[in-house]
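The values are calculated or read from the model by the stated rules, or taken from the named source; none is laboratory data. This structure is a prediction, so every number in the text was calculated from the model and none was measured. Because the Cβ atoms are built from the backbone with ideal geometry, glycine has one as well, and the counts that use them run over all protein chains shown. Just the protein is used for accessible areas: all its heavy atoms, side chains included, with ligands, DNA and RNA removed. Shrake-Rupley method; radii C 1.70, N 1.55, O 1.52, S 1.80 Å.
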Amino acid sequence: MFKTRSLVAALVAFALLASACGDDEEAPTAEEAPEATAEATPAEADEEAAEAAAEPEAAPAADSSDPIRIPLHNWSSQLVGAEVVGGILEEAGFSVEYVPSDSQVVYQSMCDGDIELVHEVWEGAFGVAFQEQVDKGCVLDWATHNAVTREEWWYPIYVEDQCPGLPDWEALNACAHLFATAETGDKGRFLGGPVDWLKGDEERVEGLGMNFEVVNAGSAATLWAELDAASADNTPIVLFNWTPNFVEAVYEGKFIEFPTFEDACRTDPEWGLNSELTHDCGNPADGYLKTGVGEHFPEKWPTAAAIVQRMDFTNPMLAAMAAAVDVDGKEASEAAAEWLAANEDLWRGWISGDTSMTEMAAAEDSSDPIRIPLHNWSSQLVGAEVVGGILEEAGFSVEYVPSDSQVVYQSMCDGDIELVHEVWEGAFGVAFQEQVDKGCVLDWATHNAVTREEWWYPIYVEDQCPGLPDWEALNACAHLFATAETGDKGRFLGGPVDWLKGDEERVEGLGMNFEVVNAGSAATLWAELDAASADNTPIVLFNWTPNFVEAVYEGKFIEFPTFEDACRTDPEWGLNSELTHDCGNPADGYLKTGVGEHFPEKWPTAAAIVQRMDFTNPMLAAMAAAVDVDGKEASEAAAEWLAANEALWQGWIAG
């Protein structure tokens, strides 16, 4: 890498020298120079500067004006990333052309001069084909991204209940019959990626003597469609997956653990378990992600070559690019445009070579501890120590402060708490926004999670109360939920008082025949739910998602009148013209991070890290389950989460 960087530096220096000096014989003398025009006024100069800034820069004179050809392959992060790379180069003044290309032969295409650069060279899939052309000298190993990759056979977590011994490959092979289909007969089916992804799965099956047949999906979309269908009813499936990818945020699962990869596994039959065949191992567990360019790229586009060498994609970046297409349903071009808009400081640093915009010096940050509150529900307790652990790993001091979730936003205004990482819209949206409007709390980030907090019942209650989940049907059945404590009124078991749910106001606003009884803790909610479920006793209680409950108990949220902001403040809104809260909670609420108003000035590096933290529904549900189902301490669950997701949060630190 040092040699290629030196080459670029030399080429750029030579180009700048040539453009500055020109040919001595052709340089105009003072007498030959064009006559100077009248000096522009300051206003005219400002206008000209503004017009110039509004136009993309032309490609530097030393660089070719030929288009830089970038391939388009058949997986989402690559399609988005190709247009991100192209967009950056276009912003720097270069012409770009996108060429649909088979990822199996793209490196030969680079040698033939038909493709200029490939920005996603995955070690597991393409390392051999890439290195073959690098060894020939017609492709240059140009840069290694910060991302750490893995590409392997993978299964959704429920398969472990059907096939004991997983993720060991021999245990999988012993269960091959579980994965058999009409297409594969008595052999298990492994659903591989498209053929041109070069995974060597057939060779592995043969090398390890596995009772599986490889069936290649036609596209990544086919993989996810099959995974989704299988997960709907827990059908056994083993398929090709990779990280970074959106899948890990949507489905819990694990990679199969094959014999540890070594280069010799692919080339030397004498290596490994099978002395006659190769590929008797897994793929690299910590593979690289590289950028390759054609051998003449640095000479033909020296400035572009330097820019491309500074481009550095992380695991979270690639996962987000994939999710934008595969989860959010966006076109690759739309996702690329949004990424470029959201990361302008970063890529402008790649263009200019000045990365200071994305690297704040630690010396700028205060050494005071960052105080994080501890509330009274499990995902928050685990998540607080996850956030704290990441900040400590980045060199900051952290202090945990037990805090009432009802007054924590005022505590932030008073300077007693620095950040809250779980601001649920339904519970705390009003209290949070009140302090944001005052300016003493900053709305700092919105997580990828979509939340709901609402009255909820276990599914068996539908047999006892027809018409559910409609709220009026529930009210008609209020007597079923009556207790000695509530008399002839139904009992709604609410969360702790400081969760600010407005349940009493709702009961009054909708004229419901219920009395709210607040549980002292989340643990009390789950204990009552467990006891009621044992003999199908009618119960309606507060629940939320993401949470572990949906994985343990089948049930539904009550459907109240649709939430609007006016419901909480305007009595004239809704069914009751005299009272507020005559509606439900938001069905697709936000989950935000808030920080104190002085946080970005006092801890600028930490502020940037916190803003990149992005928790998803499966992450929060898993944190809750670790405590409420598995019985772990929050600190233990946090340590396990940090260990299992290191690539993700290291990316948040690195940016």
The farthest towards the positive end of the charge dipole of the chain, of the residues G574, L166, V325, given +1 on Cβ of Lys and Arg and -1 on Cβ of Asp and Glu, is L166
Accessible surface of the chain, 1.4 Å probe, proportion on carbon and sulfur as whole %: 50 percent
Mind giving me the nanometre distance, one decimal, between the label points for E270 and V128, set 7 Å out from Cα along Cα→Cβ? 2.0 nm
Additional length obtainable on full extension of the chain from S635 to E183, 0.36 nm per residue less Cα span: 158.0 nm
Work out how much length D443 to A225 would gain on full extension: take 0.36 nm times their residue separation and subtract the Cα-Cα distance, in nm to one decimal. 74.9 nm
Can you give the extra length, in nm with one decimal, that the chain gains between E392 and E646 once fully stretched, where that is 0.36 nm per residue apart less the Cα-Cα distance? 90.1 nm
Within the chain, helix-based [θ] at 222 nm, where runs of 4 or more DSSP H residues each add -39,500 (n - 2.57), nearest 500: -11500 deg cm²/dmol
Considering the Cα trace of region 395-514, what is its radius of gyration and what is Dmax, both in angstroms? 18.7, 58
Provide Rg over Rh for region 271-429; use the alpha carbon set for both Rg and the Kirkwood Rh (inverse mean inverse pair distance). 1.10
Please identify which residues in region 424-457 have an amide N closer than 16 Å to a label point set 7 Å out from the Cα of D404, following the Cα→Cβ vector. 428, 431-432
Accessible surface, per residue, of region 210-325 when the full set of protein chains is kept, probe 1.4 Å, Å²: 39 Å²
Dipole magnitude of the chain, debye to nearest 20 (Cβ charges: Lys/Arg +1, Asp/Glu -1, about Cα centre): 1580 debye
Can you pull the semi-axes for region 499-569, root of five times each eigenvalue of the Cα gyration tensor, sorted largest first, whole Å? 24, 14, 13
Using Cα pairs closer than 8 Å and at least 6 residues apart in sequence, work out the relative contact order for the chain, in percent. 14 percent
What is the angle, in °, between the Cα long axis of helix 76-91 and the longest principal axis of the Cα atoms in the chain? Nearest 10 is fine, range 0 to 90. 50 degrees
Sequence-distant residues sharing a close amide H with L374 (under 5 Å, placed H): V401, S403
How much accessible area does M512 have with a 1.4 Å probe, in Å² rounded to the nearest 10? 10 Å²
The chain - Rg (one decimal) and Dmax (whole number), Cα, Å: 29.6, 106
Surface accessible to a 1.4 Å probe, per residue, for the residues of region 476-537, Å²: 44 Å²
How large is ³J(HN,Hα), in whole Hz, for each residue of region 470-479 in order, when computed from phi with the Karplus curve 6.51 cos²θ - 1.76 cosθ + 1.60 and θ = phi - 60°, using x for Gly and Pro? 4, 5, 5, 5, 4, 5, 5, 9, 3, 4
Cut-off under 5 Å, modelled amide H: who pairs with G193 long-range: A217, F240
